[in-house]
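Nothing in this text is a laboratory measurement; each read-out follows from the coordinates by a stated rule. These numbers come from a predicted model, not from an experiment. No Cβ is skipped: glycine too gets one built from the backbone with ideal geometry, and neighbour counts run over all protein chains shown.
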Amino acid sequence: MFANLLYNAVLLLALGYLYSLIARRWDASTIAGQIHKGLLFGAVALGVMYNPVTLLPGLVFDTRSAVLGVAGLFGGPLTAAIAVVMAAAYRVWYGGSGVLTGVLVACLSGGIGAAYYLWLRRRGKSLGTLGLYVFGVVVHVAMLLGMLSLGWTAAKMVLANIAAPVMLIYPVVTLLLALLLADGEKYIETEKRLAASENRFRLSFDNANIGMVIVGVDGRLVLANEQFAAMLGYDKDELIGLHFNEITHPDDRDIGKDYVASTVTGQAASARYEKRYLRKDGAVVWARVSLSLVRDAAGKPLHFISHAQDISESKKAEEALRESEYRFRYFVENANDIVYALSPEGSFTYITPNWFDYFGEPAEEALGKTFEPYVHPDDVGACRAFLTKVLETGQKQSSVEYRVQRRDGSWRWHVSNGAPLRDAQGAIIGYVGIARDVTESKNTAEALREAALRLQEAVRAANVGLWDWRLDTDEVFYSSEWKRQIGFEDHEIGNDFAEWESRVHPEDLAPTMALIQRTLDGRAAKLQLEFRFRHKDGSYRWIMAQGSVLRDEAGRATRMLGSHIDITERKQAEAALRESERTLHTLMANLPGMAYRCRNDEHWTMEFVSQGCLALTGYRPEELMIGGRVSYAQVIRPEDREMVAQTVRRALGRREVFELIYIIQTAQGGQKWVWERGCGVFGDDGRLLAVEGFISDMDELKRTEAALRANERRLSAIVEAMPDPMVVYDGQGRATYLNPAFGQVFGWRPEELLGKAIPFVPDDQKEAVVATIKDLFAHGGPVTMETKRLTKDGRLLDIVISAARVLDEAGRVTGMVVNLTDVTHTKRLEAQLRQAQKMEAIGTLAGGIAHDFNNILTAISGNAELALDRARQGAATPAELEKILGAADRARRLIKKIMFFSRKVEFHPQPLNLNKVVTDAVSIIERAIPKMISVELRLEPTPWTIKGDATQLEQIILNLASNAQDAMQNGGRLIIETANVCLDEKDAASHFHMAAGDYLRLTVSDTGVGIDKHILEHIFEPFYTTKEIGKGTGMGLASVYGAVQNHGGHIYCYSEPGQGTVFKCYLPAIREDAERLAAPAFEVEAIAGGAETLLLVDDEAALRELSGEMLEAEGYRVLTADSGERAIDIFRDSESRVDLVVMDLGMPGMGGHKALKEILAIDPKAKVIIASGYLAEGHMRQALEAGAAGYVAKPYRRLELLAAIRQALDA
């Protein structure tokens, strides 16, 4: 049973599908359609009959009644007949007791359907769901009645078995089948109507008399009609796929954006506006556009339908109308007469601006007032009568004269002409007239001149120059203002046409003359042109000229009159505007970033982006804007999108400018840092319209910042790790940074000094430090200087300072950075090396010195023996004693030279005779070098004076002589020369690289083995030596080079192997005598003694006795002490006051220096003279600084000691 039902259901569904195919192929009203439907329904009826329900043998039931009934209902009589015949034939063929009944039921079902079909067509109606169900009931009631044809018994049995199921099920089946077919028919009918509608649309679209185009939501053309294509000069197919911007004038591409947006958002159903299109040939077409949006069933935008009507001609007409109106207004408002309009009641409804020139009040103030207050009372009646007559007759009347009163109370004569003013229908609505001031014709000539002056001033105020060209004589009248416009006075320009023609710019003359000729020929109604006109100062001014032609009765041009207006400022403004627009376009195109305007939505939908977006994001502008391939929100890195949205919307809510930095994802897949600044654009109603701003590339800056931070870390690590102290000062000398080495060297912690001045500059260094800082700040740096600095614990360090300025972005000095190198230990080592080198030289000379001392001691001991022998014999011995004193004096001088040479000296230059220094040095050299080496002197007879240190100069000569001795192991010649030399600029620059000037040249040469070239390059380098280990320090020539540099001189060495060596020292010289420049020598004369008490302190008993005897012989009272401790006791405990102390420095125990300080502590006024065998340089300075009153060097002579004592006591 279930299979049977399923089988029947499939057949009925197939019926619905096939019925739709036939209905589409053949119209229902055609015979072919009805036949095909009949065959279809018949076939389906056979199908359901093929699988019936058998109630009794030969008695079957199926759903053919529903099929045949529906066939008649939807197909009509012919369809029903075909189907019934097919079903009846099959039933007859099938046979059985129910054949007649089956044929009857088929005929009833098909007949009822056909009857319904005809009935419904006459009424023009169709059945609804209920009607279809009733139809099913009727068909199957008829089917049950047909069962009576079986006979009562069989009919009764059949009805008992099937009546209820049939009435329950078959009407429903009929209803469902009918609904299925009805829906199919409705669908087919809808398709047909849609096709007809589309065909009508296509016909109206293609044949419309205005342009029509369908545009996709991406802005590209989908379809265009012939009218639209013709309007733009394209074929229809050429337009398909073009973007709307490609056929839109560049200046109008933004027009309609708001309209499009309003239709997309649903705020408006359609939009209308005007815009300019670009034809294929580049011409511009004005169009009135009507735009509507088509959506699908879900409301999604599908495309736009746009109507475009060519309004180019109307635009030209409008422009012409505006131009005509402008010309009319120009002539009216620039006329000398007052043009006015009155209402029928006599109130002003229009007045030209020159009303003010007559009545002193703006024309606007007079509107609405009647003319009567301005007219003389005696003339009001005439004016009113004139107005009434014009309005009543509707005709122009002759003029009326009347007096008008100005605001100042004066009266003027006017004459007025006019006509009635009519509306579009011809009805009189007022009066229009022209009032001319004719006071001049009624008053004196002076009044006439005053009126002319007023007219002239009015023209001047309007900056209008007038001209009147008589064509027959070529004479031209040029008004004063015309001439003043180009810088001339009245008398400076004649009245001929050449005056104008010669001043027109050469490039403008031909087109200007052509337009004038066109106007004269009548091809142009009036003259209106712009050209450049030469000013008196040679510059060109832009002039706008307007003119009209006067013709005679024959139509020939006789005169041309017009005006000149200087429009230079307007032209400059126009040029400035064009340049501004070009600059803006160039700026936008070349900005290193992207300017934009976007919507405040979640996508940041771009309405405009500048060309810089391609370089910034990798996307072209159209790809980011509305309808593009990507939204800007997608360009922002996902991690930053929420931050960007919150920052922007928070600023928009406060109406503030926003500024932020974030990362974007470029089209190439990379990431880039960007900086954005923008603000909201709000309407007058406060509504946010858009967001505008600028986005720039920060990627390089970010990388630079990262590199800068890394570099700062490296620099910080370098500075922190530097072994030298470093300090950064601000502009006020306060420390802002100290590296760790500063604390290690000077002992202060950074927190003790930051923000303060560092208290480590000794008093004697402050002046030099301040001067150096001022020089650094004024002239830049870096600067380097040697100085001294104090540590926290009071130690004095030798420091080399290197300093540089710190500048801000504006180049202003904000401070300095100082590097301090502790060279205390280095200086100590250098001093030790110099001393060792000197000792080496002394060792070399020791033989000669020993020889001299032996000679001196021999002379002293020999003469002492002779003096002793003669004294025993009672004979006088003054000669021998004088010889002893002479030998002692030679020994003292020799000791002094050795002491000067061996001590640690500082450079103290003084005027010197170099020949004397050389002679003294040679006296030592001759005793030190072997006899097989001869010494030759070639001295300048009258040498110039040098300013130098004799000790250092002797050291130079001795060191060079020592090197010469080593180079002449087998003997030779040592030659020492001095010579005055004057170097000019050429010699100094090309040969010696020295400053031009006077020099004293010292030359030391030998005939030794010479020096190889590769060694010659290094001879002045410290510690460089070619001697064996233990035989040289490598400091000899280095010290020579340094000593020469100290004297401001230069040293050069010339040598070749086997040819000997020559050293030349150039020392700056003064062309004066050294003895005259030197300080006068102290001469010891006979010194008077005294009676004061002296304390003589020395650890040598013989010296105490000798000195005591010498002093007591001069009358002094002498106390003696053998040590510093004993001297202090005597000085403190002495019953009588000690007037002066003579004290040796080098004593055992506490020594002389400490004893001096103790004595001065006991009595700060105590006088102490220091006597020492050391050279005075260092010891004398220390003693004098400690408070000593004087100094006497051992060995001293009696007069020297007495003089020093007397000088100290008398001070």
Quick one: Cα centre-to-centre distance for the range 516-547 and the range 702-775, in angstrom? 77 Å
Within the range 352-370, backbone nitrogen closer than 18 Å to the virtual label 7 Å beyond the Cα of residue 405 toward Cβ: 358-361, 366, 369-370
Highest average packing first - 29-35, 1166-1172, Cβ atoms within 10 Å: 1166-1172, 29-35
Residue 167-residue 751 pseudo-label distance in nm [points 7 Å out on the Cα-to-Cβ vector]: 11.3 nm
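Given Cα positions, please report Rg to Rh for the range 606-656, the hydrodynamic radius being the Kirkwood one. The partial results should precede the final answer.
Values: Rg = 12.4 Å, Rh = 12.1 Å.
Computed over Cα atoms, the ratio is 1.03.
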Which residues' amide hydrogens lie under 5 Å from the amide hydrogen of residue 1096, considering only partners 5 or more residues apart or on another chain, with H built in the peptide plane? 1119, 1120, 1121, 1142
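Under Stokes-Einstein, with the Kirkwood radius over Cα pairs standing in for Rh, what whole-number D in µm²/s applies to the range 591-703 at 10 °C and 1.306 mPa s? Don't skip to the answer; put the middle values down first.
Values: Rh = 14.0 Å.
It diffuses with D of about 113 µm²/s by this estimate.
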Note: probe point = Cα of residue 721 + 7 Å toward Cβ; backbone nitrogen < 20 Å; residues of the range 730-757 passing the test are 738-745
To the nearest whole percent, what portion of all C-alpha pairs in the range 315-394 is separated by more than 22 angstrom? 39 percent
I'm spelling it out carefully: the read-out is P(r) over Cα pairs in 10 Å bins from 0, in percent, the candidates are (i) 2, 9, 15, 19, 19, 15, 10, 6, 3, 1, 0, 0; (ii) 1, 6, 7, 7, 8, 8, 7, 6, 7, 7, 8, 7, 6, 5, 4, 3, 2, 1, 1, 0, 0, 0; (iii) 2, 8, 14, 16, 15, 12, 10, 8, 6, 5, 3, 1, 0, 0, and one was derived from this structure. Which label? (ii)
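What's the long-distance tail for the range 209-310, i.e. % of Cα pairs beyond 19 Å?
Numbers: 1883 of 5151 pairs.
Counting every Cα pair in the range 209-310, those more than 19 Å apart make up 37 percent.
Counting every Cα pair in the range 82-144, what percent are over 19 Å apart? Could you put the intermediate results ahead of the total?
Details: 780 of 1953 pairs.
Value for the range 82-144: 40 percent of Cα pairs lie more than 19 Å apart.
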Computed over the Cα atoms, what is the radius of gyration of the range 390-432 divided by 2.2 N^0.38 Å, N being its residue count? 1.52
Residue span residue 243 to residue 788: 0.36 nm per residue of separation minus Cα-Cα distance leaves a gain in nm of 188.0 nm
Between residue 585 and residue 938, what is the FRET efficiency for a Förster distance of 60 Å, r being their Cβ-Cβ separation, to the nearest 0.05? 0.10
Order 133-145, 410-422, 69-81, 308-320 from most to least packed using the mean count of other Cβ atoms within 10 Å. 69-81, 133-145, 410-422, 308-320
Among all the lysines, which ones have a C-alpha under 25 Å from residue 883's C-alpha, if same-chain residues fewer than 8 places away are not counted? 896, 897, 1194
Report the gain in length on full extension from residue 31 to residue 396: 0.36 nm times residue separation, minus Cα-Cα distance, nm rounded to one decimal. 123.0 nm
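How high is the relative contact order of the chain, given as a whole-number percent (alpha carbon pairs under 8 Å, six or more residues apart)? Intermediate results must be reported in sequence, preceding the final value.
On the way: 1965 pairs, mean separation 37.5, N = 1211.
Rounded, it is 3 percent for the chain.
Considering only Cα-Cα distances, which of the following residue pairs are longer than 29 Å: 396/483; 931/1064; 947/1154? If you can, show how the numbers build up before the last one.
Values: 396/483 40 Å; 931/1064 25 Å; 947/1154 37 Å.
The answer is 396/483; 947/1154.
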Roughly how many whole Å is it from the C-alpha centroid of the range 204-227 to that of the range 624-670? 37 Å
Tell me, what is the FRET efficiency for residue 384 and residue 514 to the nearest 0.05, using R0 = 56 angstrom and their Cβ-Cβ distance as r? 0.55
What's log10 of I(q)/I(0) for the range 1093-1210 at q = 0.10, 0.13, 0.22 Å⁻¹, Debye sum over Cα points only, no solvent? -0.24, -0.42, -1.38
Per 10 Å bin from zero, what fraction in whole % of the C-alpha pairs of the range 476-608 is there, up to the bin with the longest pair? 10, 29, 24, 12, 10, 9, 4, 1
Quick one: give the max-minus-min coordinate of the C-alpha atoms of the range 2-196 along each principal axis, largest first, in Å. 59, 30, 30
Obtain the nm distance between the two label points defined at residue 472 and residue 356 by a simple spin-label model: each point lies 7 Å from its Cα along the Cα-to-C-beta direction. 4.2 nm
Could you run the Debye sum over the Cα atoms of the range 670-825, one equal point scatterer each and no solvent, and tell me log10 of I(q)/I(0) at q = 0.11, 0.13 Å⁻¹, two decimals? -0.59, -0.71
Return the calculated 222 nm mean residue ellipticity for the chain, to the nearest 500 deg cm²/dmol, obtained by summing -39500 (n - 2.57) across DSSP H runs with n ≥ 4 and dividing by the residue count. -15500 deg cm²/dmol
Would you mind listing how long the range 135-218 runs along its three principal axes, going by Cα atoms, in whole Å with the largest first? 81, 27, 12
Taking residue 1157 as the anchor, which lysines have their alpha carbon closer than 19 Å to its alpha carbon, excluding any fewer than eight residues away along the same chain? 1165, 1167
Three principal axis lengths of the range 253-392 [C-alpha, angstrom, descending]: 82, 38, 32
